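To keep things clear, I will list the structure first and then write my remarks on it.
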Amino acid sequence: MVYPDGSRIGRRGRSNAKNDPHFNTPAFIKHHATLKKIKDLIGADAFHAATKISSIRNPYDRCVSAFHFKGKKDLAECLRLKEEGGLAELKQQFAEFLSEDNYDGKGHFCFRSEMVIDEFIRMEDFANDLFMVLDALKVPVDVSTHIISSVPEFKKTDRSSSSLQLCDYYSAPTLELVNRRFADWFVWGNYKRCQSVNDLA
């Protein structure tokens, strides 16, 4: 949505997006928009002058989430495989998904092969990181508190209550693949790079 100062917010930032008169107009930026798409929407001058802030997610968790969402793998079915001793099959399905889904984030973090994000907000520490970014931008504390409390949705990243853990999906080859494909993410998000599947537990 376009605000008076020219700033915009993606559809997920509006709790009743479809009821907004600007819905499906250029005022709305589709979620997961690439940097090129955003530049095209707001113009080159505004894009290059802007402070660029992006969320980032632990690559291991991100890939499992994509496996279920993009790969359309039913969580209940994966749980059934584990309960029936079929983890090898689950790991194989996950490996096949990763071999086809070669997303590495460059379209969201890099522009013309250069990483241009000024500040990252980790999904795992969303509120704290967002507060630190707002503080760095000299946003008053009361305004920051209001912004953080108004965020409509947080993605769940804690798997402690789930019967399926990250190590149930990964094998040594898929761990190595993710470590290689998302190498920059570990640096940008200050994430621990695991050297064995057991480290994921």
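The values are calculated or read from the model by the stated rules, or taken from the named source; none is laboratory data. Everything numeric here is computed off the predicted structure, so don't read it as measured data. Cβ atoms come from the backbone with ideal geometry, glycine included; neighbour counts cover every protein chain shown.
Summary of computed values
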{"quantity": "First in the range 125-154 and modelled with pLDDT of 90 or more, second anywhere and among the acidic types (Asp, Glu), Cβ under 8 Å, 6 or more apart", "calculated": "Val133/Glu119; Ala136/Glu119; Val141/Asp135"}
{"quantity": "Failed item in (1) surrounded by 12 or more Cβ atoms within 10 Å (Cβ to Cβ); (2) at pLDDT below 90; (3) within 30 Å of Phe67 (Cβ to Cβ), with Ser163 passing the rest", "calculated": "(1)"}
{"quantity": "Checking Tyr191 against (1) within 28 Å of Gly86 (Cα to Cα); (2) at pLDDT 95 or above; (3) part of a loop (DSSP other than H, G, I, E, B), the condition it does not meet", "calculated": "(1)"}
{"quantity": "Pairs where the first residue, in the range 169-196, is surrounded by fewer than 16 Cβ atoms within 10 Å (Cβ to Cβ) and the second is modelled with pLDDT of 95 or more and among the polar types (S, T, N, Q), C-beta under 8 Å, 6+ apart", "calculated": "Ala172/Ser196; Arg193/Asn179"}
{"quantity": "Scope the range 79-95; condition assigned to a helix (DSSP H, G or I), farther than 22 Å from Glu176 by Cα and not charged (D, E, K, R); matching residues", "calculated": "Leu79, Leu81"}
{"quantity": "Only one of Asp118, Asp61 that is within 27 Å of Ile148 (Cβ to Cβ), at pLDDT 90 or above and surrounded by fewer than 14 Cβ atoms within 10 Å (Cβ to Cβ)", "calculated": "Asp118"}
{"quantity": "Test: residue in the range 97-104 that is over 20 Å from Asp168 (Cα atoms) and surrounded by fewer than 15 Cβ atoms within 10 Å (Cβ to Cβ)", "calculated": "yes"}
{"quantity": "Verdict on Lys52 being surrounded by 15 or more Cβ atoms within 10 Å (Cβ to Cβ), among the charged types (D, E, K, R) and under 28 Å from Lys192 (Cβ atoms)", "calculated": "yes"}
{"quantity": "Asp101 of a type outside the set (Phe, Trp, Tyr), out of contact with any helix residue (DSSP H, G or I) (no Cβ under 8 Å at 6 or more places or on another chain) and modelled with pLDDT under 90", "calculated": "no"}
{"quantity": "Among (1) more than 24 Å from Asn190 (Cβ to Cβ); (2) part of a loop (DSSP other than H, G, I, E, B) - the single one Ile117 does not satisfy", "calculated": "(1)"}
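Listed here are the residues, each with its yes/no results for (1) out of contact with any strand residue (DSSP E or B) (no Cβ under 9 Å at 6 or more places or on another chain); (2) surrounded by 16 or more Cβ atoms within 10 Å (Cβ to Cβ); (3) under 21 Å from Leu166 (Cβ atoms).
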| site | (1), (2), (3) |
| --- | --- |
| Phe69 | yes, no, yes |
| Lys72 | yes, no, yes |
| Leu79 | yes, no, yes |
| Gln92 | yes, no, yes |
| Phe111 | yes, yes, no |
| Glu114 | yes, no, no |
